[in-house]
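See below for the structure under consideration.
The values are calculated or read from the model by the stated rules, or taken from the named source; none is laboratory data. Computed from a predicted model, the values in this text were never measured in an experiment. In this analysis, Cβ positions are derived from the backbone assuming ideal geometry, glycine residues included, and neighbour counts consider all displayed protein chains.
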Amino acid sequence: MQKQRLVVVGNGMAPGRALERLFEAAPDAYDVTIFNAEPRVNYDRIMLSPVLSGEKTFEEIVIHGDGWYIDHGVTLYKGHKIIAIDRAARTVTSEHGVVAPYDKLIIATGSVPIIIPVPGHKLAGVLTYRDLDDVDAMLLAAKGRGRAVVIGGGLLGLEAAAGLKQQGMDVTVLHLMPTLMERQLDPNAGYLLQKAVQARGIDVITRANTKEIVGTDPALGPPRVKAVRLDDGTEIEASIVVMAAGIRPNAALAKDAGLTINRGIVVTPDMRTSDPDIFALGECAEASNQVFGLVAPLYEMANVVAAQLAGTSDAAFSPSATATKLKVTGINLFSAGDFAEAPDREEIVLRDAARNVYKRLVLKDDKLLGVVMYGDTSDGAWFFDLLKRQADVSELRETLIFGQSYAGGAPLDPMAAVAALPDEAEICGCNGICKGRIVSAIKDKGLSSLDDVRAHTKASASCGSCTGLVEQVMKLTLGDAYNPAAVQPMCGCTGHGHDDVRRLIVAKELKSIPAVLQELEWSTSNGCAKCRPALNYYLLATWPLDYRDDSQSRFINERVHANIQKDGTFSVVPRMWGGLTTANELRAIADVVDKFRIPTVKVTGGQRIDMLGVKKDDLPAVWADLNKAGMVSGAAYAKGLRTVKTCVGSDWCRFGTQDSTGLGVKLEKHLWGSWTPAKVKLAVSGCPRNCAEATCKDVGIICVDSGYEIHIGGAAGLDIKGTEVLGHSTTQEETVEIVAAIVQLYREQGRYLERIYKWMKRVGLDSIRAQALDDTEKRAALVARFALSQQSAQVDPWRERTEGKEAHEFRPLADLTRLEAAE
Amino acid sequence: MNMQHSNWIDVGALEDIPKLGARLVKTPRGCLALFRTDADEVFALDDKCPHKGGPLSQGIVHGKSVTCPLHNWVISLETGAACGADEGTTATHKVRIEAGRLLLDATSLAPSSAR
């Protein structure tokens with residue numbers, strides 16, 4: 001049978017999904033040709049925000065790689081915009097002159113950003129936020145720093161603002177309405193959102209009516225954006241302007257072809273346009289007098305188009321409620337349904353001002369009509385399910401607002417909550433995947449990893465915010481067979497992963513390495529060089545008062561408190577608090593270098609002085625001399641606090657906003673001596689110019705006028721990663737307290753050798769913030785536990801050894817060279 | 001002195017080496033590392049990893065093996081051979097324990113003819 005020719009105009013997420021479904025249902029029915037105006041494959045547009053903020057790369061958000069098109073015999077024209085449809089001849093023509101005949105045509109031209117036609121809107125530097133090219137343009141602009149003005153405080157505008165801020169720009173958001181995201185949030189949640197956005201250092205101006213975009217003087221070269229002027233005369237400097245005021249369906253091509261157009265391309269419930277051989281799909285389509293911008297209904301449309309093409313003529317699209325989430329790391333909000341006030345509606349509201357939690361349910365006739373949640377959105381899926389099913393909630397009403405855990409008095413257990421969800425409950429809102437579908441995919445196809453589940457069901461494969469739920473469904477379905485975290489045993493000596501070992505050390509009160517090896521049934525008599533240092537750390541961190549450090553389970557550097565070099569000599573780094581030193585210290589270092597003929601002296605990246613090539617036997621004498629000048633071990637060898645790097649701050653610098661050096665010294669004095677899963681490096685910069693490079697440290701502090709921005713999770717080694725903002729504090733004391741809480745949490749949760757950025761990736765920034773910053777009770781408990789362990793940790797190991805501890809380490813057992821010579 | 005008796009040199013007490021630890025003996029041929037296992041066996045090896053000459057005496061001792069501190073090669077204390085996929089062997093020396101004293105066979109310790 002001759003295959004029919006299917007031509008697709010547009011290569012976004014909706015037609016991509018339609019083709020996937022079509023290939024599943026009728027793999028050989030069509031020869032498919034796609035024309036993509038963008039010069040690339042199909043990618044996840046929802047995830048552009050993480051690309052902008054630097055949390056993901058483009059490669060990570062590709063949905064269909066080139067291989068997919070080859071595998072399915074699809075001809076993809078990249079960078080070919082279709083300029084005409086000839087419905088009589090049944091062909092389309094691209095701007096490069098390619099003419100393709102079709103039997104069936106899908107128009108999926110998406111939407112175009114609304115450009116507010118104020119004077120200056122065509123200036124260089126006015127950008128939109130729609131596709132990867134826009135993101136690239138913004139990233140390029142962000143390199144020049146300066147200020148970005150984002151026009152529009154909706155979903156896209158706020159995501160763009162957060163991304164640009166994270167890329168180092170100053171950002172102002174202009175929003176025409178009184179509160180942010182007014183279409184998805186009620187004014188209360190909008191207010192909380194505004195506060196959270198402002199806490200990240202993003203300026204927000206509401207009721208801001210842009211009057212003009214001001215350009216640079218044309219006499220000074222091609223004009224570009226200089227400022228934005230509001231109708232009240234306010235002028236805001238701007239090096240770029242991002243228009244994020246909304247989108248409208250891109251229906252021009254269809255209109256030229258004579259198809260029926262209203263706001264978008266009008267389609268009947270079977271997704272056909274006024275020409276039955278032409279479908280319209282995605283943001284360009286208008287169904288039931290609505291146009292759509294969120295992915296869930298667009299994917300539903302895609303399913304209908306695929307079914308129709310495969311011959312299921314009764315497949316029909318009916319728009320249903322959709323839920324919204326903001327993809328800005330650290331801001332949790334959720335909204336669904338209709339939450340406007342009306343006389344026949346009732347509402348239930350929960351506010352917890354201290355925790356910035358706000359929840360509001362709108363009910364009508366004992367059914368949930370709308371949900372708005374800010375701060376704590378964990379029950380979003382449950383509420384959304386009740387809403388979509390139009391379930392009668394009269395029985396639950398008294399505790400409804402507290403979420404699923406309280407419905408029927410069930411314990412506060414997230415697993416139980418997921419277990420209680422019915423099969424039809426939606427888990428992945430983006431892709432419309434319900435619990436039952438995930439469960440059956442896992443069972444039928446024998447899936448065991450999250451990646452497998454994503455590949456087969458698409459659940460959590462778009463924005464990813466339901467990943468936790470999907471993992472819980474997997475856990476429920478697979479039981480113990482699903483172990484996402486501990487896939488890796490600690491080492492060849494045991495089947496236990498790091499987390500299990502830590503848990504069992506606490507549960508069984510194991511307080512020595514032999515006890516662990518015995519009770520947890522190690523397969524080797526005394527472990528190996530991988531597990532013993534890890535166990536030593538876990539025991540030390542768990543039982544700070546009871547456990548006696550086992551030096552034979554320490555890597556040599558930590559055993560002798562110096563760094564081994566390739567020739568077996570050692571390097572010695574004294575502590576210089578916050579990078580400060582004195583003439584006396586430098587003189588003592590110079591004397592030591594002379595006295596012990598130390599071959600190399602070098603300044604380290606952490607603002608310390610490194611003496612390299614010290615013979616092991618000389619170490620105690622070297623330390624004694626350094627001790628005499630008041631210096632202690634710099635722990636340059638430790639899986640522990642290494643250095644706190646600082647700039648000169650307000651003491652000297654004309655830009656300094658706070659005493660960064662002083663804060664650095666305070667932090668170092670507070671944290672030194674602590675053992676951690678892997679090394680910990682800090683920095684404190686006195687202003688956002690960030691001369692101390694705090695944004696690539698494990699924990700970084702950026703001083704600002706209003707206090708201290710606390711950053712976490714940077715890396716500048718094998719991996720390079722900028723920090724993320726944990727929060728803000730107003731005093732040095734509070735900052736020290738929060739950092740201590742972070743370090744303690746890391747000490748308790750981090751796997752041995754897992755740096756802070758990897759730990760953060762595993763547990764999530766939100767969970768760290770919740771415990772070390774937001775929940776003051778938990779924070780205080782962390783700080784107290786840290787203080788307890790510091791009692792025994794803050795002892796200079798050099799002094800102990802100059803006083804004779806472990807003297808055997810530094811002396812040979814016997815010297816037979818002289819003996820032989822004597823004979 | 002009688003050669004047969006003088007082969008064994010007393011280099012110290014068993015207790016001088018920490019369990020799962022090592023001490024150095026300096027000889028005209030370079031340093032030897034004496035290792036003590038958890039079960040109080042003692043082994044003597046050249047203090048040189050067959051890989052890049054790393055000081056084995058500074059490694060972590062486990063079972064009858066030591067892990068080199070430089071690149072984590074695991075060397076058998078009994079044979080001096082690298083374990084696993086790595087290849088190479090470090091010279092071993094005879095050592096015995098008598099009444100808590102460590103006796104090292106000195107016959108292999110004379111200055112090598114090359115020197």
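Could you name every one of the strands (runs of 3 or more DSSP E) located completely within the stretch A:253-323 that has at least 3 residues being crowded, with 22+ Cβ neighbours inside 10 Å and on the phi < 0 side of the Ramachandran plot?
A:278-280
Looking only at helices (runs of 4 or more DSSP H) that fall completely inside the stretch A:728-823, which ones have 1 or more residues that are buried (at least 16 other Cβ atoms within 10 Å of the Cβ) and within 14 Å of chain B (Cβ to nearest Cβ)?
In the stretch A:728-823, the matching helices (runs of 4 or more DSSP H) lie at A:816-822.
Could you look through the stretch A:320-367, keep only residues that are among the charged types (D, E, K, R) and in contact with a helix residue (DSSP H, G or I) (Cβ under 9 Å, 6 or more places away or on another chain), and pick out the one that is nearest to A:Gly429 (Cα to Cα)?
Out of the qualifying residues, it is A:Lys325.
Which condition does A:Cys491 not pass, out of (1) surrounded by fewer than 21 Cβ atoms within 10 Å (Cβ to Cβ); (2) within 14 Å of chain B (Cβ to nearest Cβ); (3) in contact with a helix residue (DSSP H, G or I) (Cβ under 8 Å, 6 or more places away or on another chain); (4) modelled with pLDDT of 90 or more, if it passes all the others?
Condition not satisfied by A:Cys491: (4).
For a quick check of your reading of the model, give me the residue pairs whose first member lies in the stretch A:593-617 and is part of a loop (DSSP other than H, G, I, E, B), whose second is of a type in the set (S, T, N, Q) and surrounded by fewer than 17 Cβ atoms within 10 Å (Cβ to Cβ), with beta-carbon atoms closer than 8 Å and at least 6 apart or on different chains.
none
Against the condition within 14 Å of chain B (Cβ to nearest Cβ) and over 38 Å from the mean Cα position of the chain (by Cα), how does A:Gln565 come out, does it pass?
no
Restricting to the stretch A:547-562, name every residue that is over 13 Å from A:Arg801 (Cβ atoms) and facing chain B (nearest Cβ under 9 Å).
Within the stretch A:547-562, A:Asp550, A:Gln552, A:Ser553, A:Arg554, A:Phe555, A:Ile556, A:Asn557 qualify.
Right, B:Asp38: surrounded by 14 or more Cβ atoms within 10 Å (Cβ to Cβ), within 24 Å of A:Asn557 (Cβ to Cβ) and in contact (Cβ under 8 Å) with a residue 40 or more places away in the chain or not?
In short, no.
Would you say A:Gln791 is among the polar types (S, T, N, Q), more than 30 Å from A:Gly468 (Cα to Cα) and at pLDDT 90 or above?
yes
Could you pull out every one of the strands (runs of 3 or more DSSP E) wholly within the stretch A:115-211 that has 1 or more residues that are in contact (Cβ under 8 Å) with a residue 24 or more places away in the chain, over 29 Å from A:Val372 (Cα atoms) and touching a strand residue (DSSP E or B) at 6+ places or on another chain (Cβ under 7 Å)?
Those strands (runs of 3 or more DSSP E) span A:126-128, A:147-151, A:170-174.
Mind listing just one residue for me: the one in the stretch A:526-540 that is free of Cβ contacts under 8 Å to residues at least 24 places away in the same chain and assigned to a helix (DSSP H, G or I) and, of those, surrounded by the fewest Cβ atoms within 10 Å (Cβ to Cβ)?
A:Asn536
Among the candidates A:Ala238, A:Ala208, A:Ala244, which residue alone is under 18 Å from A:Gly157 (Cβ atoms), hydrophobic (A, V, I, L, M, F, W, C) and in contact with a His (Cβ under 8 Å, 6 or more places away or on another chain)?
Sole residue among the options that is under 18 Å from A:Gly157 (Cβ atoms), hydrophobic (A, V, I, L, M, F, W, C) and in contact with a His (Cβ under 8 Å, 6 or more places away or on another chain): A:Ala208.
Tell me, which residue of the stretch A:568-596 that is modelled with pLDDT of 95 or more and within 14 Å of another protein chain (Cβ to nearest Cβ) is surrounded by the most Cβ atoms within 10 Å (Cβ to Cβ)?
Per the stated criteria, the residue is A:Phe570.
Every residue in the stretch A:568-596 that is charged (D, E, K, R) and over 36 Å from the mean Cα position of the chain (by Cα), please.
A:Glu585, A:Arg587, A:Asp591, A:Asp594, A:Lys595
Could you tell me whether the stretch A:368-379 includes any residue that is assigned to a loop (DSSP other than H, G, I, E, B), in contact with a Gly (Cβ under 6 Å, 6 or more places away or on another chain) and buried (at least 21 other Cβ atoms within 10 Å of the Cβ)?
Yes, the stretch A:368-379 contains a residue that is assigned to a loop (DSSP other than H, G, I, E, B), in contact with a Gly (Cβ under 6 Å, 6 or more places away or on another chain) and buried (at least 21 other Cβ atoms within 10 Å of the Cβ).
Quick one: in the stretch A:170-180, which of the residues that are surrounded by 23 or more Cβ atoms within 10 Å (Cβ to Cβ) and in contact with a helix residue (DSSP H, G or I) (Cβ under 7 Å, 6 or more places away or on another chain) is farthest from A:Gly54 (Cα to Cα)?
A:Leu180
Could you identify the single residue in A:Arg351, A:Arg360 that is modelled with pLDDT under 85 and assigned to a strand (DSSP E or B)?
After applying the criteria, what remains is A:Arg351.
Could we say that A:Ser523 is within 24 Å of B:Pro55 (Cα to Cα) and over 37 Å from the mean Cα position of the chain (by Cα) here?
Taking the combined requirement at face value, the residue does not satisfy it.
Out of the stretch A:101-148, which residues are surrounded by 21 or more Cβ atoms within 10 Å (Cβ to Cβ), closer than 19 Å to A:Gly10 by Cβ and small (Gly, Ala, Ser)?
Those that are surrounded by 21 or more Cβ atoms within 10 Å (Cβ to Cβ), closer than 19 Å to A:Gly10 by Cβ and small (Gly, Ala, Ser): A:Ala108, A:Gly110.
If you go through the stretch B:13-64, how many residues are outside any loop (DSSP other than H, G, I, E, B), hydroxyl-bearing (Ser, Thr, Tyr), more than 7 Å from chain A (Cβ to nearest Cβ) and farther than 21 Å from A:Asn563 by Cα?
0
Determine the pairs where a residue that is of a type in the set (Ser, Thr, Tyr), located within the stretch A:283-295, has a partner that is surrounded by fewer than 21 Cβ atoms within 10 Å (Cβ to Cβ) and outside any strand (DSSP E or B) with Cβ atoms under 7 Å apart, the partner being 6 or more residues away or on another chain.
Hits for this filter: A:Ser288/A:Pro319.
In the stretch B:68-80, which residue that is closer than 18 Å to B:Leu34 by Cβ and not hydroxyl-bearing (Ser, Thr, Tyr) is surrounded by the most Cβ atoms within 10 Å (Cβ to Cβ)?
For the stretch B:68-80, the residue satisfying everything is B:Ile75.
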